[in-house]
1. What shape does the stretch 111-162 take by its C-alpha gyration tensor, where a ≥ b ≥ c are the square roots of the eigenvalues and a/c under 1.5 counts as rounded, a/b above b/c as prolate, and the rest as oblate?
2. What shape does the stretch 199-277 take by its C-alpha gyration tensor, where a ≥ b ≥ c are the square roots of the eigenvalues and a/c under 1.5 counts as rounded, a/b above b/c as prolate, and the rest as oblate?
3. Report the semi-axes of the equivalent ellipsoid for the stretch 118-241 in whole Å, largest first, where each axis is √(5λ) for an eigenvalue λ of the Cα gyration tensor.
4. With label points built 7 Å along Cα→Cβ from the Cα atoms of Ala248 and Glu207, find their separation and express it in nm.
5. Which whole-Hz couplings ³J(HN,Hα) result when phi for each residue of the stretch 88-97 is put into the Karplus expression 6.51 cos²θ - 1.76 cosθ + 1.60, θ = phi - 60°, listed in order with x for Gly and Pro?
6. Based solely on its DSSP helices, what 222 nm [θ] is calculated for the chain when runs of n ≥ 4 H residues each add -39,500 (n - 2.57) and the sum is averaged over all residues, nearest 500 deg cm²/dmol?
7. Cα centroids of the stretch 264-292 and the stretch 175-192: how far apart, whole angstrom?
8. So how much slack lies between His318 and Asp47, counting 0.36 nm per residue of separation and subtracting their Cα-Cα distance, in nm?
Amino acid sequence: MRRLPALATAVLVAVPLLAAPAVAAPGGPMGQGPTTFAVLGDTPYGDAQRQAFPALVDDVNADPKVRAVLHAGDVKSGGSTCDDARLADLAALYDTFADPFVITPGDNEWTDCHRTAAGGYLPTERLAAFRELFYPEPGQSLGRRTLTAAVQSVEQPAHADYVENVRFTRSKVVVATVHVVGSENDLEPWSQLPGGDQPTERLAEFEARRAANLDWIDATFDEAARADAAGVLLLMQAEPVASPGFAAERALIAERAAAFGRPVLLVHGDEHRYEVELGYAGVPNLTRLETFGDTASDWLALTIDPRTSGVFSWQPRHVKP
């Protein structure tokens, strides 16, 4: 779902791009060398972008520095159907990336599927279907080459449903996905559901996922501290603004980032614009990075290099016609 930022007081900064070393070899989990990720979000957003998307795949696959693809959720537009065929087609499309493909869910593939235009589905049923298609082997990424990650469903059995929350380390940085989505993180009513909203089920889903997310954020920073990591990267669909749907996640991220003291990068999508905010939530070492959205032509090359003071740098890339 596209929405405007809730914090009118946020200071948005045009970040000077740091030069990343032209090194193709990836840093291993705790290696000192750099690792580059392709970062996407809110794409392909509609049928036209679905047709154009293979060219973006080719562009990413042709970059010798890229070692994995991170997708910040929303595999389709909110007005398109949420049926199994569409989701299966997109999962197969993402599987054509040469490198591991790691995705966190967005609201358009489940939360907003109550909408009439999306098919009037029960959102929790669509979330179950999305998990089956996009996480067929928990802890294993999509992509021609796969990545093995720690998965919350195994590490924290109390949250056994959350196969989408994963964690891995590259170039001394701990990378984790956290299932935080638009539409106020599923607090917005399922108003177009046949028969009306189901607040009991919706709020139960919200509370369970919030508990899982908070535990996973804590576990991620605990792992970073234990491993003496150079940084932390959190990937989620929606920006955790200071509103009821996101306040707890925002507060915990700010608290743990401040205590960690080293660079923390919060990567998200949802608002469909490339945007950077330094000192996010008042924490000097926490940076918010929003990737491009509603496009099959633009992506970010995000490099982790623990040898640099900032650890993270990125460059916009455009698919040539």
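FYI, it's all coordinate maths here, none of it is from the lab. Not measured: the values here are computed from a predicted model. Neighbour counts run over all protein chains shown; Cβ positions are idealised from the backbone, glycine included.
1. oblate
2. Oblate.
3. 29, 16, 12
4. Going from the Ala248 label point to the Glu207 one covers 0.9 nm.
5. Residue by residue, the stretch 88-97 yields 5, 4, 6, 4, 5, 5, 5, 5, 7, 5 Hz.
6. Counting only the DSSP helices, I get -8500 deg cm²/dmol.
7. 18
8. 95.6 nm
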